[in-house]
Amino acid sequence: AAPQAITLNVNGQDHKLTVEPRVTLMDALRDDLNLTGCKDVCDRANCGACTVLIDGKPVYSCTRFAIEVAGQKIVTAESLHSAEKTDLVVEKFCEHDGMQCGFCTPGFVMAVRGFCNEHPKATLEDCRKGLGGNICRCGTYTRIRAAVKDAASMMRAA
């Protein structure tokens, strides 16, 4: 099929792209917009390393075609840190050393951000279940859970 002109709203900005209908959101983000936070690990919706938020909900970007999400609000890991502000979830991941190789970290951070947005009063057990679709091959789950618990408790207090 012929390439199509689309507009993706990513991190609050519109980006005009021309993509083939088979191009995944992950590939459009990485290859066309140079937003490499979402990682191409399994390409089969098994690991969660490519997680982004679409209209506030965590989604594997390898499972969506870029043309499918035109007009929706896409948020990537890059949006969670700037010179002015660092998101609470990122701060807690750093504080609790919730990463080892760091390959899964952006996907986990986005899954946590999306989960906490939807469930601000989540318990540690809720978080554990809610993040079951993200895999860390280094096994830093204890540190990730500590970061999530701390972030969730701070959001509950706020």
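The values are calculated or read from the model by the stated rules, or taken from the named source; none is laboratory data. These numbers come from a predicted model, not from an experiment. All Cβ positions, glycine included, derive from the backbone under ideal geometry; neighbour counts span all protein chains shown. For accessibility, only protein heavy atoms count, side chains too; no ligands or nucleic acids. Shrake-Rupley method; radii C 1.70, N 1.55, O 1.52, S 1.80 Å.
If the segment from Glu95 to Lys73 were pulled out straight at 0.36 nm per residue, it would be longer than the present Cα-Cα gap by 5.0 nm. In sequence order, the range 21-32 has phi-based couplings of x, 7, 6, 6, 4, 4, 5, 5, 5, 6, 7, 8 Hz under the Karplus curve 6.51 cos²θ - 1.76 cosθ + 1.60, θ = phi - 60°, and Gly or Pro positions carry x. Looking at the range 1-140, what % of its DSSP beta bridges pair antiparallel, to the nearest 5? Here the antiparallel bridges make up roughly 90 percent for the range 1-140. Rg and Dmax of the range 107-156, both derived from C-alpha coordinates alone, stand at 9.9, 30 Å. Put simply, the amide H of His15, placed in the peptide plane, has neighbours under 5 Å in Leu8, Asn9, Val10, leaving out anything fewer than 5 places away on its chain. When the chain is treated as a Gaussian network with alpha carbon springs shorter than 10 Å, the biggest mean-square fluctuation among Gly107, Gly12, Gly37 belongs to Gly12. Surface calculation, 1.4 Å probe, protein heavy atoms: His96 sits at approximately 60 Å² accessible.
Compute the accessible area per residue over the chain, keeping the other protein chains in place, probe 1.4 Å, unit Å². Please report the intermediate quantities before stating the final value.
Values: 8310 Å² over 158 residues.
Ligands and nucleic acids excluded, the figure is 53 Å² per residue.
So what's the angle, to the nearest 10 degrees on a 0 to 90 scale, between helix 141-157 and the longest Cα principal axis of the chain? So the helix axis and the longest Cα principal axis differ by about 80 degrees.
When the convex hull of the C-alpha atoms of the chain is computed, what volume per residue in Å³ does it have? Please report the intermediate quantities before stating the final value.
Details: hull volume 16.9 nm³, N = 158.
Spread over its residues, the Cα hull of the chain gives 107 Å³ apiece.
To the nearest ten degrees, helix 105-118 and the longest principal axis of the Cα atoms of the chain are 80 degrees apart.
As a size descriptor, the averaged projected area of the C-alpha convex hull of the range 1-84 was calculated at 5.4 nm².
Which percent of the accessible heavy-atom area of the range 48-158 goes to carbon and sulfur, probe 1.4 angstrom?
That share works out to 54 percent.
Across the range 54-63, coupling constants 3J(HN,Hα) worked out from phi with the 6.51/-1.76/1.60 Karplus curve, θ = phi - 60°, read 10, 6, x, 10, x, 9, 6, 6, 7, 9 Hz, and Gly and Pro carry x.
In loop segments of the range 61-158 as defined by DSSP, the trypsin sites (Lys or Arg not before Pro) with at most 12 further C-beta atoms inside 10 Å of their C-beta are Lys85, Lys121, Arg137. Taking amide H as placed 1.01 Å from N in the peptide plane, the amide H of Phe65 sits under 5 Å from that of Leu25, each at least 5 places away or on another chain.
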